[in-house]
Amino acid sequence: MSRLRLAVSEDLPRVREIVEAAYAPYIPRMGQPPQPMLDDYRARLSAGELQVLEENGRVIGLLVLIDRPDSLLIDNVAVDPAAKGRGYGRTLLAAAETTAAGRGFSRLTLYTHVTMTENQAIYRHYGWREMKRIRENGFERVYFVKDLEV
């Protein structure tokens, strides 16, 4: 049974391991490390923005949620590639929706790199719509939005 919880400092090595495994395959396509590989997860933990998904006591996924003035931003959602295809990504996205509603947000936003076309297809499949494409912090990003019923 899976369980989502706030991360603790002991989770950080595993978080970094998952991020590395999930995002390193995109480096050749992007020509640079994806933003999640450069993030400061200790700062995310300290800010209460980092959650981890456990299955049988092992961290298999993570979620970084950031309050914005108009939405809850999913800054990162990642699953250990060894656990892909089991619905954990969907579980994390659903948890973000629940968190957003609980915090009074009527909308979720997220972004992905323009070359991560697989992710874009997944988000569209789950009801997200493309909002904009911009160059931001040295990355070509595609922003998606999902309006929530609150």
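Rounded, prolate or oblate: pick one for the range 102-150, where a ≥ b ≥ c are the square roots of the eigenvalues of its C-alpha gyration tensor, a/c under 1.5 means rounded, and failing that, prolate if a/b is larger than b/c, else oblate.
Because a/c hits 1.5 or more and a/b fails to exceed b/c, the range 102-150 counts as oblate.
Can you give the extra length, in nm with one decimal, that the chain gains between R129 and T98 once fully stretched, where that is 0.36 nm per residue apart less the Cα-Cα distance?
So the extension gain works out to 9.3 nm.
Roughly speaking, what is the centre-to-centre gap between the range 1-71 and the range 78-119 when only Cα atoms are used, to the nearest Å?
Measuring centre to centre over Cα atoms gives 12 Å.
Report the trypsin sites (Lys or Arg not before Pro) located in the range 88-150 that are in a DSSP loop and have at most 15 other Cβ atoms inside 10 Å of their Cβ, or state none.
R103
Rounded to the nearest 20 debye, what is the charge dipole size of the chain about its Cα centre when +1 sits on each Lys and Arg Cβ and -1 on each Asp and Glu Cβ?
Dipole about the Cα centre, nearest 20: 280 debye.
Please compute the net charge surrounding A78, taking Lys and Arg as +1 and Asp and Glu as -1 over other residues with Cβ under 12 Å from its Cβ.
-2
Can you give the % of DSSP beta bridges in the chain that are antiparallel, to the nearest 5?
90 percent
Select from L72, L12, L38 the residue whose mean-square fluctuation is largest in a Gaussian network model of the chain (Cα-Cα springs shorter than 10 Å).
L38
When Kirkwood radius over Cα pairs in Å is calculated directly from the model, which label among (1) 16.2; (2) 15.6; (3) 21.6 fits?
Identified label for the calculated read-out: (2).
Under a Cβ-Cβ cut-off of 10 Å, what is the net charge of the residues other than V64 that fall near it, where Lys and Arg count +1 and Asp and Glu count -1?
Net of charged neighbours comes to -2.
No lab work stands behind these numbers, since they all come straight from the coordinates. Remember, it's a predicted structure, so these values are computed and weren't measured experimentally. Glycine gets a Cβ as well: all are built from the backbone with ideal geometry, and neighbour counts include every protein chain shown.
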